Amino acid sequence: QQRVFSGVQPTGNLHLGNYLGAIQRFVALQDSYDCIYCVVDMHAITVWQDPIELKKQIREVTAAFIAAGIDPAKHIVFNQSQVSGHAELAWVFNCVARLGWLNRMTQFKEKAGKDRENASVGLYAYPSLMAADILLYRATHVPVGEDQKQHLELTRDIAQKFNNDFGPSIASLGLGESFFPLTEPLIGGPAARVMSLRDGSKKMSKSDPSDLSRINLTDDADQVASKIRKAKTDPEPLPTEAEGLKGRPEADNLVGIYAALSDTPKEQVLTDFGGGQFSTFKSALVDLAVAKLGPIGAEMKRLVAEPTHIDAILRDGAARARVLADETLNQVKDIVGFVR
Ligand code: AQP
């Protein structure tokens, strides 16, 4: 059975990058896979989160999933902390992963910054927990933005080392040749890495201090329009072919956003707008972004106003996830040699 797992951190400021790189693709995969979509609140606390805000943010990410079109009745939507198997499997993986592997993780280096001694142990061990999230459900495919590629490679390394280290035990229990799948990342499309609207060399991110750098999913039409109009560009007209976007990161980013929002290749966008001025293209992009994001933002606001409904979705999803998680976890305990 092909199974998709992915997660989004409830760290506030959900933006167009999260939508195009992840959530929009989660929606599209629902017809072809069994999907598990998780609000990864335990990842969020690897950096400080205000407890009152965290609760709101967990509900907001859940609302974004539902508003974007994820069906929580057909698939599983839940928050990570309600299924304790994530933490339990992460501990086993902490003992499988090597320090040298984690030392190479660029996201830790970026997020810890210069004051590394003061970063949480959780931030360092983040990739082990992410591997546990995925492998607890033995997911075969994980849709993510390009920034998560390295963590997905580590997940495969952990799965492979577990399968090798415990090979004889797995075989003696009759659990097949390799217990964990080598999960395939699903990364791609024109918006695998949406860049900041202020600086084409930085990715659009929740933590950028400038609100003008990102389009938030809850921005109203005026905010979306003003941010796109102020987005950095260069003085040249748009090229007529994708080749001409090389060395023009801001133009490339806006064309990629248009392509992903309209579900057309970048080449088509350039056929329609190439040779013209940015102002014309930006007006069309505003119309498209408002038409696409407006209803999602409005539905998110409506859903977060009824937290009991959202909490019921998360509780129900967690109960269904727990059944799958417990099965894997019991097998892992047997494989490792724990008594239960
Ligand atoms: N700019 C982006 N372009 C495409 N995809 C992106 N994703 C994030 N930023 C972009 C994808 O969104 C999913 C959820 O991300 P996350 O919330 O788990 O964490 P993140 O990558 O840490 O998000 P941010 O916005 O970049 O936060 P900060 O500012 O804290 O670093 C993932 O699939 C991610 O790839």
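The values are calculated or read from the model by the stated rules, or taken from the named source; none is laboratory data. Here the structure is a predicted model, which means the values were calculated and not measured. Here Cβ is always computed from backbone atoms with ideal geometry, including for glycine, and neighbour counts include all displayed protein chains.
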For this session: Scan segment 86-131 for residues that are closer than 23 Å to Ala318 by Cα, more than 16 Å from the ligand (Cβ to nearest atom), without any contact (Cβ under 8 Å) to a residue 60 or more places away in the chain and not small (Gly, Ala, Ser) and jot them down.
Result: Trp91
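Could you tell me whether Lys149 is part of a helix (DSSP H, G or I), within 10 Å of the ligand (Cβ to nearest atom) and farther than 15 Å from Val4 by Cβ? Explain how you work it out, then say what you get.
Numbers: part of a helix (DSSP H, G or I): yes; within 10 Å of the ligand (Cβ to nearest atom): yes; farther than 15 Å from Val4 by Cβ: yes.
Spelling it out, Lys149 is indeed part of a helix (DSSP H, G or I), within 10 Å of the ligand (Cβ to nearest atom) and farther than 15 Å from Val4 by Cβ.
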Problem set entry | Failed item, numbered, when Lys206 is tested on (1) touching a strand residue (DSSP E or B) at 6+ places or on another chain (Cβ under 7 Å); (2) closer than 25 Å to Gln268 by Cα; (3) basic (Lys, Arg); (4) surrounded by fewer than 18 Cβ atoms within 10 Å (Cβ to Cβ) | (2)
Problem set entry | Matching residues, segment 74-110, being closer than 13 Å to His43 by Cβ and buried (at least 16 other Cβ atoms within 10 Å of the Cβ) | Asn79, Gln80, Ser81, His86, Ala90, Phe108
For this session: State all residues of segment 29-39 that are surrounded by fewer than 23 Cβ atoms within 10 Å (Cβ to Cβ) and touching an Asp or Glu at 6+ places or on another chain (Cβ under 9 Å); if no residue qualifies, say none.
Result: Gln30
For this session: Quickly run through segment 147-183 and pick out the residues that are of a type in the set (Gly, Ala, Ser), at negative phi and modelled with pLDDT of 95 or more.
Result: Ala159, Gly167, Ser169, Ala171, Ser172
Seminar exercise, completed: Sole miss for Lys111 among (1) among the basic types (Lys, Arg); (2) part of a helix (DSSP H, G or I); (3) farther than 30 Å from Ile296 by Cα is condition (3)
Problem set entry | Checking Asn13 against (1) surrounded by fewer than 19 Cβ atoms within 10 Å (Cβ to Cβ); (2) closer than 19 Å to Pro185 by Cβ; (3) within 14 Å of the chain's Cα centre (by Cα), the condition it does not meet | (2)
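Among Asp199, Asp219, which is part of a loop (DSSP other than H, G, I, E, B), more than 10 Å from the ligand (Cβ to nearest atom) and buried (at least 18 other Cβ atoms within 10 Å of the Cβ)? Spell out the reasoning first.
Details: Asp199 fails: buried (at least 18 other Cβ atoms within 10 Å of the Cβ).
The unique qualifying residue is Asp219.
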Problem set entry | Filter result for Leu314 (surrounded by 15 or more Cβ atoms within 10 Å (Cβ to Cβ), touching a strand residue (DSSP E or B) at 6+ places or on another chain (Cβ under 7 Å) and more than 30 Å from Lys161 (Cβ to Cβ)) | yes
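Does Pro143 satisfy the condition of being within 15 Å of the ligand (Cβ to nearest atom) and either without any contact (Cβ under 8 Å) to a residue 40 or more places away in the chain or at negative phi (or both)?
In short, yes.
Do we have Val61 as assigned to a strand (DSSP E or B), at pLDDT 95 or above and not aromatic (Phe, Trp, Tyr) here?
So Val61 does not fit the description; no.
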Exercise. How many residues, within segment 1-60, are aliphatic (A, V, I, L, M), more than 12 Å from the ligand (Cβ to nearest atom) and without any contact (Cβ under 8 Å) to a residue 40 or more places away in the chain?
Worked result: 2
For this session: Can you confirm whether segment 161-174 contains a residue that is more than 14 Å from Phe5 (Cα to Cα) and β-branched (Val, Ile, Thr)?
Result: yes
For this session: Out of the residues in segment 88-145 that are under 25 Å from Leu20 (Cα atoms) and of a type in the set (Asp, Glu), state the one that is modelled with the lowest pLDDT.
Result: Glu110
Exercise. How many residues does segment 138-157 contain that are farther than 19 Å from Arg25 by Cα and crowded, with 24+ Cβ neighbours inside 10 Å?
Worked result: 1
For this session: For segment 317-340, name all the residues that are charged (D, E, K, R), surrounded by fewer than 16 Cβ atoms within 10 Å (Cβ to Cβ) and assigned to a helix (DSSP H, G or I).
Result: Asp326, Glu327, Lys333
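Which of the following residues is surrounded by 18 or more Cβ atoms within 10 Å (Cβ to Cβ) and assigned to a helix (DSSP H, G or I): Ala132, Ala191? Lay out the reasoning, then the answer.
Values: Ala191 fails: assigned to a helix (DSSP H, G or I).
Only one candidate passes the filter, namely Ala132.
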